[in-house]
1. Using +1 at the Cβ of each Lys and Arg and -1 at the Cβ of each Asp and Glu in the stretch A:296-377, identify which of A:V355, A:P367, A:F311 lies farthest towards the dipole's positive end.
2. Run lengths n ≥ 4 of DSSP H only: what is the helix-derived mean residue ellipticity at 222 nm for chain A, with -39500 (n - 2.57) per run over all residues, to the nearest 500?
3. Placing +1 at every Lys and Arg Cβ and -1 at every Asp and Glu Cβ, with all other atoms neutral, what dipole size does the protein assembly as shown have around its Cα centre, in debye to the nearest 20?
4. May I ask you to derive the relative contact order of the stretch B:88-158, considering only C-alpha pairs under 8 Å and at least 6 residues apart, and to give it as an integer percent?
5. Could you check what % of the DSSP bridge pairs in chain A are antiparallel, to the nearest 5?
6. Would you work out which of A:G523, A:V57, A:G297 lies farthest towards the positive end of the dipole of chain A, given +1 charges on the beta-carbon of Lys and Arg and -1 on that of Asp and Glu, about the Cα centre?
7. Please get the size of the charge dipole for the stretch A:256-320, origin at its Cα centre, with Cβ charges of +1 on Lys and Arg and -1 on Asp and Glu, quoted in debye to the nearest 20.
8. Taking amide hydrogens as modeled 1.01 Å from N in the peptide plane, which residues meet the under 5 Å criterion relative to A:V520, leaving out close sequence neighbours?
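No lab work stands behind these numbers, since they all come straight from the coordinates. The structure presented is a predicted model; accordingly, all values stated were derived computationally and were not measured. Cβ atoms come from the backbone with ideal geometry, glycine included; neighbour counts cover every protein chain shown.
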Amino acid sequence: MNTYERIDRDLSDRDFTVVGKSVKRSDTLEKVTGTARYAGDVALPGMLHAKMKRSNVAHARIRSIDTSKALALKGVKAVLTHQDVPRVLHAGSPHPRSASVTRDQYILDDRVRYWGEGVAAVAAVSEEIAERAVALIEVEYEPLPGLFTIEAASEPGAPPIHENGLDRNHVLPPVFVTRGDVDKGFAEADLILEREYDLGRPTPAYMEPNVCVSQWDGNGKLTMWTSTQSAFMVRGTLAEVLGVPLNKVRVVVDHMGGGFGAKQDLFQNEFLCALLARQTGRPVRMEFSRKETFLGGRSRHPGKIWLKQGFTKDGRIVAREARVTFNSGAYGSHGPGVTNVGTAALTSLYRCENVRLEGRCIYTNSPIAGAFRGYGVVQTYYALDLMMDEAAEKLGFDPAEFKLMNAVREGDIAPSGHPIVGHGLGDCIRRVMEETNWHELRRREKPESVKRRGIGIGCEMHGSSAYPGIKEQGNAIVKMNEDGTVTLITGTAGLGTGAHTALSQIVAEELGVPFEAVSVVQGDTDIVPWDIGAFASHTTYLGGRAAQLAAADVRRQVLEHAAPLLQAEPADLAIRDGFVVVTSGSNRSIRLSEAVGPKRGMPAMQLVGVGTYMPTKSYSFAAHFAEVEVDTETGEVAVLEVVPVHEIGRVIHPIAAAGQIEGGIQQGIGHTLSEDYVIDLTDGRSLNPSFVDYKMPLSMDMPSIRTIILETAPDPGGPYGAKGVGEDPIIAIGPAIANAIYDAIGVRFHHYPITPEQVLNALKSKANETRQ
Amino acid sequence: MNRLVSMTVNGEARELAVAPNRTLLDALRNEGSLTGTKKGCDVGDCGACTVIMDGRPVNACLVLAIEAEGATIETIEGLQPSYDQPHLLQQKFMEHGGAQCGFCTPGIIMMAKALLDENPDPSEDEIRFALAGNICRCTGYTKIIDAVRATAEELRKAGTL
């Protein structure tokens, strides 16, 4: 059996009717029948097709652009260069209320900062003509020195990549986090380990290339269909940069084909598509090719982490010092957020009272790093967990027991500054050990064969919101119709995780109606309440809680209306299975439709509830077991089995939650073993912008996964105690694999991806050392 | 210069006017208004555009539209026996959570159909092999494989395919 879910419900305080059941997801009928409409499926009468001209240098000033040949091509309707578009400095990922946005982008600039940056755009009657016109645009560049590494860009005296940027190409002032007395801690240590970890450049590689369609109506209002996780941020930025009020921009997202964090940004295309549509007076569609989706997309931040920790003989961590340096690429995007979150994460996971951390983020002339599932924590916990494994061995502890001994627990201060609720991490580690017969497996004989097996455990924790970096807000409107059915109007975007199903389950549970009685209105900024976007593992936690509050508001109104009909007090009423029932001393009941529907001479009641939720923070936890097989002749690492144990407070939809975990594991196996978006360090050119050359684990590579979900530490802030799950799996799997590789072949790697070539070289050097 | 290409799409005779250098994928999506078939890469790497052509699964982005002259094409839109009844594969993908973002789903379902048409009792390895050219980035494939296996089992029980 490939997968199953088993839920430990240690804290069942009530029986649920809809929550916790794998109901049929409300969005999948459209998806499996091909009727789901994605932005790229929108076709409008008279629609033009747009394409972007991209730079073939990494760093240069634009001396001139000659568009005459492109404009002369039959079928070309408009060409835009930096001379034709508004020059408004804006943030690539404009989180409102975030203290750390970086305003460093123009729609088009007279300078390019990375290979593949858009320098012009064409609209034509067909995509093919637009492509031909793009090739006819002649750009003359005045080259500037390319700074491709964090070392080159942050050297004293390095030329600035952004005119008004900070010294030495820093995206933000360095982040410092200090707790306790690190020097004293190191003085008490019996063992000090110091390592540098080097992290590659995986990209989200969502299946749906970036695409948008723009249309202006006769009243000067723009409608944009686009693939985004944060429709209201797209609306806000378009309005700001194009100089129109918010009520003149409508952003529509019916379905989107994955985002994994990266689709919080704007990608030049939204502005250019809108401007081309305004200039031509016709709808315009702009779709990236897969190559462009690599070139103009967002990656995880590559970087270096220097980590030093002091341990005592009895297995405590007494000091932790780290310098985290991320490569932001050409623009700031999520650099500030990732640096803050990734650095602060090192205060936690494994307990240590004395920490001194420093985080930096550096502009380089390389592809833009942005938000990607795991948001800085993938990198820093990879380093932290690998060092824990190494320390355990040196101190004579079992690595899993050592992690359990040091696991954060209830009341410890989390990276956000909040006390941790429950003992989720310890629960996960204990469960993963039980489930896999960890100690027995560790004692297993290891034959000196060509293919060697090893096992490892990796741990993580992750917040279910972006607080305190961003003060988030979720909003929902719930209406009950006169037949007792319900409409949920939510700002929460649907990335494909099943969020709208989970929200509907929460509303159904709260209102005592069947799941099928709830329908969802979403994805249109003119209709739904404001929402910050779908990211930070917060859709169920934040949007779900807002929906729950709105539903509770409607329930209160229903009970007030039903009370006189049932000759009871509202406090003695409940809604169950679509009936309003008297709960004490009587079994009187009426159908919901009778309670709220029209009566003689009276129209139906209009029941509307509104919910607004501003969360603080909760943390979810995971421990992953991985078994690998290393081929000592080819260097190839196969992941044979993964057992992920996640503690997520309350499971709303088990299959959807497990699906998040398994998909995260897939992407995490990718960045640990094969995925790396590589640039040529001599000229900044992208070397593998295609699915053939950017190697992701596919059906033949994916191991069997036995998913286990715990509900042992529900969060009082989440709906029914639910916390997030989206990002957690991708953080834990990497260290589990690297630790398992060590167990198999006795080589500790301090980087990702760990490629077959490096495995072979490491085995060779190890053999040489042994010989000497 | 556009050419008229005749083909049978989901049981219906269609004539699509396409330029000789355009692909079957573009013809289906643009001229045929059948947008259920997705464009994930346009170069045959991802399988999102898988359709069944004369009984065999193909990447519609690697077939020129004019090559489909006279061919019989099945797309995701033609799979349902009737408007209110999804195909068994579609039902099983819904039940088992085989679709997340859904962008790869039509291609994967068509590939799974082609597999089950050939081999009604595939092993897990055979399913994984059949789907080797279909990239899914959301699910880790676990639930897709569950859905295909469940379909095969039910079809065997029913004694029909």
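1. Farthest towards the positive end: A:F311.
2. The helix-only estimate for chain A comes to -8500 deg cm²/dmol at 222 nm.
3. Dipole size: approximately 1540 debye.
4. With pairs under 8 Å counted, the relative contact order is 50 percent.
5. 75
6. Result: A:G523, furthest along the dipole toward the positive end.
7. Value, rounded to 20: 300 debye.
8. A:L488
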